[in-house]
Amino acid sequence: MPRLIAVAFFLSPCVAPAQKFDRLALTPPMGWNSWNRFACDSINERVVRETADAMVSSGMRDAGYQYVVIDDCWQVARDSAGNIVADPAKFPHGIRALADYVHSKGLKFGIYTCAGTKTCAGRPASRGYEYQDARQYAAWGVDYLKEDWCNTSTQDAKEAYTMMRDALYKAGRPIVLSICEWGTAKPWRWAKEVGHLWRTTGDISNQWSYMYADDGRAGGGGIVPILDLQNGLEKYAGPGHWNDPDMLEVGNGGLTPDEERSHFTLWCMLAAPLMAGNDLRSMTAVTRAILTNREVIAIDQDELGKQCYQQSIVDDLEVFIKPLSGGDTAVCFFNRSPGTKTLDLRWTDYGIRGDHAIRNIWEGREQGRTSAPFRASFGKHQVILLRLH
């Protein structure tokens, strides 16, 4: 008789593939980051705790701001086991205690690393330590990680950030991953499955129209140059994956109040992450009013998740249109010129048809209907922001 041969099949346990955490950043993240105002030398535990306090007392938390993020220069070394070590002079109670304090205020806590061998300020970075660092961040209670792109040599951006994505997922704590690669490898083309937001340009500067010289990045500088670099990227943004034109400079003194209002408005039209970069402890009433205007924020946080598109630009008058949920539309007229602009328009010229009520958001009033011509004037570097409903 032929022999019967028993064959055993051994199947490995079903293991879920690594991925980014789903259901995070369904609207653009809102919070505060330390770099624009405090940079490397001035950041410490006291500043972070007082900033969390100020985010609550100023009304920013209630307006939607959640994340308190420490940027570069919190770390100084690795211990004998390779664990990242916080600066004991600046953060004497440790990062876990600081995260707990931020959480006690009903806020979320964020931290910084870099994909290279060192951070941009020359501190220990995560290359080769991705899984170890991710476990440490999870243990500390981190909710948001910004990963920079300095000292990366010949690293491949997509591979490097995917490594951190996988490490965070394995660590098990849901953490928003902010990819700060400056747009050099066009992350909008590949980062949707890797991170929750990605920088589209080089660093922002506290100026209106300054443009960085070519420094190997994808461009950057003042408000207007960074705005211009967003054109054409709107198709890549949506719930859980956002283009990031960098943090806000509102309240840092380099812009006029009109320019700050325009900067904030344009970032909201772009569905950009709203990461304040000023000193929340001492901001003026004007700055606070800009950062906490809920009608403007609602355009940024609209659940449809659409980034605006440039409808036209003629003689330094730029028009942006942003579809909103419920059939509403946001329209922003932006005066790029040093003089006054006058509007006298028919809405059909801008593709707006039907009869819609017009809400002038910054003026806080209704302003007619789209069935009639729209007339207004506005000055240097100002915006008119309308919601059609």
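Coordinate-derived values only; no laboratory data. Predicted model only: the values in this text are computed from it and were never measured. Neighbour counts are summed over all protein chains in view; Cβ atoms, including those assigned to glycine, are modelled from backbone coordinates with ideal geometry.
Tabulated data
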read-out	value
Share antiparallel - DSSP beta bridges, the chain, percent rounded to 5	60 percent
Quotient of C-alpha Rg and 2.2 N^0.38 Å, computed over the range 44-124	1.18
Hz values of 3J(HN,Hα) by residue in the range 88-104 - Karplus curve (6.51, -1.76, 1.60), Gly and Pro given as x	x, 6, 7, 10, x, 9, x, 6, 4, 5, 5, 4, 4, 5, 4, 4, 5
Check: the chain dipole with +1 on Lys, Arg Cβ and -1 on Asp, Glu Cβ, in debye	860 debye
Phi-based couplings in Hz for the range 262-269 (Karplus 6.51, -1.76, 1.60; Gly and Pro marked x)	5, 3, 5, 4, 5, 5, 5, 4
Residue of P28, P225, P338 that the Gaussian network model of the chain assigns the largest fluctuation, springs spanning Cα pairs under 10 Å	P338
Estimated FRET transfer efficiency when R0 is 41 angstrom, pair N231-V76 (beta carbons, to 0.05)	0.50
Most positive-pole-ward Cα, W242, M164, N252, against dipole of the range 30-300 from beta carbon charges	M164
Size of electric dipole in the range 309-388: Cβ of Lys, Arg +1 and of Asp, Glu -1, about Cα centre, debye, nearest 20	120 debye
Added length on full extension, which subtracts the Cα-Cα distance from 0.36 nm per residue, D53 to Y212	53.7 nm
Hull shadow area, averaged, the range 99-248 [alpha-carbon convex hull, nm²]	9.4 nm²
The chain: most fluctuating residue of L229, L274, L345 per GNM, C-alpha cutoff 10 Å	L345
Debye intensity ratio in log₁₀ form over the Cα atoms of the range 309-388, taken at each q of 0.13 Å⁻¹	-0.36
Relative packing of 369-379, 189-199, which averages over residues the other C-beta atoms within 10 Å, highest first	189-199, 369-379
Viscosity 1.306 mPa s, temperature 10 °C, Stokes-Einstein D of the range 30-300 from Kirkwood C-alpha radius, µm²/s	85 µm²/s
Dimensionless Rg over Rh [the range 227-333; C-alpha; Kirkwood]	0.96
Helical contribution to [θ] at 222 nm, DSSP H n ≥ 4, -39,500 (n - 2.57), averaged over the chain, rounded to 500	-6500 deg cm²/dmol
Lysines with Cα under 22 Å of K341, excluding same-chain neighbours fewer than 8 positions away	K322, K380
